[in-house]
Each structure stands twice: as C-alpha cells, then as structure tokens.
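Report on the following structure.
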Amino acid sequence: MAAHYNTSAGEARKLVAGIKTLSGADAEAFRANLLDAAAPEKLADAVAKRFGAIDVLVNSASLYDREPFAKADAAGWDRHMAVNARAPFFLAQACAPWLKKSGTGSVINIADWSAHRPYADWGSYCASKAALLCANKVLAKALAPEIRVNAILPGPVLSPEKMGEAEKKKIAEATLLKRLGTPEAVARACLFLAEADYTTGAELTVDGGRLIA
Ligand SMILES: NC(=O)c1ccc[n+]([C@@H]2O[C@H](COP(=O)([O-])OP(=O)(O)OC[C@H]3O[C@@H](n4cnc5c(N)ncnc54)[C@H](OP(=O)(O)O)[C@@H]3O)[C@@H](O)[C@H]2O)c1
C-alpha cells in the first residue's frame, strides 16, 4: 500500500508501520508536493516501480485555506486548484495504465459537500472541490469501461484544531444526524466504492445529511 505525504513525514511513517502491523500488507510512504505540476506523474511512476501494480487511487490530499472574498487573490485560487483539482486529475491520468492492467482498477476522489453548497469565505477551496466533481465525471467517461471513477463528499468530520467546542456543536446541529462524522465512516465509503463494480461517475455523500439539511 502506498501512502502519500508532503510535509507530514513522521505521520506517514507511523501510518506505514500501522498498516504493516495490522494487516501484514507491504507498505511505503512517498513524498510529493502536489503544487508541482510534474509531481503526479513522478509519484505514480515511483509507486508503480516499487509495487509493480496500482489497483485503487484515492485522491485525498487537499488545501483548505479560509479566504474572505474581499481578500481572495489569484495565488490562493491557483494553489487550491493545483492541489485539489489538477493533481487528482493528472494522478488519475498517470495511474490509468496501471489501473487498467489491474482489471478492477478504480479512482476515488475525496471532494466535499460544500462543492454543492459553497461558503463565501472559502471560495477557492469550494470552487476547487466543484472542479474536482466535474473532473470526477470527465475521468469516469474517459477511463470507462475498464476503470471506475467515483467521488465521496464528506460533511463535517475532523474539525480544525483551533475550533472550540461550541462551534463544533453548532456544526453538528446543522446536520440531519446531529453529530460530526468520523474518518472511519469515510474509510468505509472508500472500501465500498473500491468494490462497487457497477458504480462509476457517482457522488456519495458521507455528510450526516448536511447537504440537504
Ligand atoms: N476534515 C473534514 O471534516 C472534511 C470535510 C469535507 C471534506 N474533507 C476532505 O477530506 C479529505 C481529507 O481531509 P483532512 O481533513 O484529513 O485534510 P487535511 O488534513 O486538511 O489535508 C490532508 C493532507 O493534504 C496534504 N496536502 C496539502 N497540501 C499539499 C501539497 N501541496 N502537496 C501534497 N499534499 C498536500 C497534507 O499532507 P502533509 O500533511 O503531508 O503536508 C495534508 O495532511 C480532503 O480532501 C478534504 O478536503 C474533509
């Protein structure tokens, strides 16, 4: 199993050790800064060289910077688009030959419910996740019939470290299920989509009903 990181080398090492201990699977961490347009191809090549196969690509790396509309600038817009939309698209392109070879290959794009109901102060982030949802459909068409491509739209799961309890409670109350989600719920959705062999181009919300609340 290949784990990608950019700055969190220590966490990536712990993740790899955990995967090996819990599942016995072979695992390694790979560093790539996805702001670099050349990174997706290099990352896919490094993973394919190390493992000789790529079966599932999960595009989860993401930038999430608050940018009040009046202060938003082109550099912030470009950063969000590069990491959240461009990199997943070109990672899928670079992994496609390997995913095709796998026979059951698929791509899972981690988007956000707010791609459909954006916040004004997170304009670049929400627009980049909306672009990712369009890329999800483009990739589903371009890579069919051999490779399935689906998106997960998490709702509120992990809150920023600085967020207080009152704010978290307010966010939980805004969902239909009146609670925050868990990383495990998102991981279960990934496992489902990796095996959902008649599902492609889909958007699966894991948001406690936040999108329709
Ligand atoms: N947390 C939530 O409640 C929530 C809600 C809706 C959607 N989502 C989506 O779910 C996914 C995971 O969420 P999360 O909260 O775990 O995300 P996160 O902690 O904000 O970011 C995930 C990782 O993205 C990587 N990243 C950022 N910039 C990068 C760059 N330039 N190059 C390569 N990697 C980069 C970082 O890796 P390093 O640490 O190694 O630098 C970071 O650990 C994201 O796609 C997010 O948009 C999350």
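Read-outs: derived from the displayed coordinates by stated rules, not from any lab. Fair warning: this is a prediction, and the values are worked out from it, not measured in the lab. Cβ placement follows ideal geometry from the backbone for every residue including glycine, while neighbour counts extend to all protein chains displayed.
Using the alpha carbons alone, the radius of gyration of the chain stands to its Kirkwood radius in an Rg to Rh ratio of 0.96. Along the axis of the charge dipole computed for the chain (Cβ charges of +1 for Lys and Arg, -1 for Asp and Glu, origin at the Cα centre), the listed residues 204, 77, 164 are led at the positive end by 164.
When the chain is described by a simple charge dipole with +1 on each Lys and Arg Cβ and -1 on each Asp and Glu Cβ, the residue from 147, 25, 135 located farthest towards its positive end is 25.
Inter-label distance, residue 64 to residue 45: 3.3 nm, where each label sits 7 Å from its Cα along the C-beta direction.
The distance linking the stretch 136-176 with the stretch 1-22 is 22 Å (Cα centroid to Cα centroid, whole angstrom). Karplus-derived 3J(HN,Hα) values for the stretch 110-126, using 6.51 cos²θ - 1.76 cosθ + 1.60 with θ = phi - 60°, are 8, 9, 5, 4, 6, 5, 9, 10, x, 8, 5, 7, 10, x, 5, 4, 5 Hz; glycine and proline are entered as x. Of interest is the spacing of the C-alpha centroids, which for the stretch 96-113 and the stretch 27-42 amounts to 17 Å.
Under 5 Å between amide hydrogens, built in the peptide plane, is the criterion, and for residue 204 it picks out 151, 152, 153 among residues at least 5 positions away or on other chains. Of the residues 39, 194, 98, the one whose Cα sits farthest toward the positive end of the charge dipole of the chain, with +1 on the Cβ of Lys and Arg and -1 on the Cβ of Asp and Glu, is 194.
By the rule of a C-alpha distance below 16 Å, with chain neighbours fewer than 8 residues away ignored, the aspartates and glutamates paired with residue 20 are 11, 28.
Counting only Cα atoms, the size of the stretch 1-110 along its three principal axes is 50, 30, 20 Å, in decreasing order. Sequentially through the stretch 36-51, phi angles give Karplus couplings (6.51, -1.76, 1.60; θ = phi - 60°) of 7, 4, 8, 5, x, 5, 5, 5, 4, 4, 5, 5, 5, 5, 6, 9 Hz, Gly and Pro residues having no value and appearing as x. Could you work out the relative contact order of the stretch 82-213, using alpha carbon pairs under 8 angstrom and six or more residues apart, expressed as a whole percent? Averaging sequence separation for qualifying contacts and normalising by length gives 29 percent for the stretch 82-213. Estimated at 0.36 nm per residue, the fully extended path between residue 165 and residue 178 surpasses their Cα-Cα distance by 3.3 nm.
Taking label positions 7 Å along the Cα-Cβ direction at both residue 142 and residue 15, the computed distance is 2.4 nm, reported to one decimal. About its Cα centre, the dipole of the stretch 56-213 is roughly 140 debye, where the only charges are +1 on Lys and Arg Cβ and -1 on Asp and Glu Cβ.
Taking 82, 166, 29 in turn, the Gaussian network model of the chain (Cα-Cα springs below 10 Å) assigns the largest fluctuation to 166. Here is how the number arises for the chain: DSSP H runs of 4 or more residues each give -39500 (n - 2.57), the sum is divided by the residue count, and the result at 222 nm is -14500 deg cm²/dmol. With R₀ set to 25 Å, the beta-carbon distance separating residue 1 from residue 195 gives a calculated FRET efficiency near 0.95. Cross-link partners for residue 178 among the aspartates and glutamates, with Cα-Cα distance under 20 Å and sequence neighbours closer than 8 places in the same chain left out: 112, 165, 167, 207.
For the stretch 151-163, putting each phi into the Karplus relation 6.51 cos²θ - 1.76 cosθ + 1.60 with θ = phi - 60° gives couplings of 10, 10, 10, x, x, x, 10, 9, 8, x, 3, 6, 5 Hz, in residue order, rounded to whole numbers and with x for Gly and Pro.
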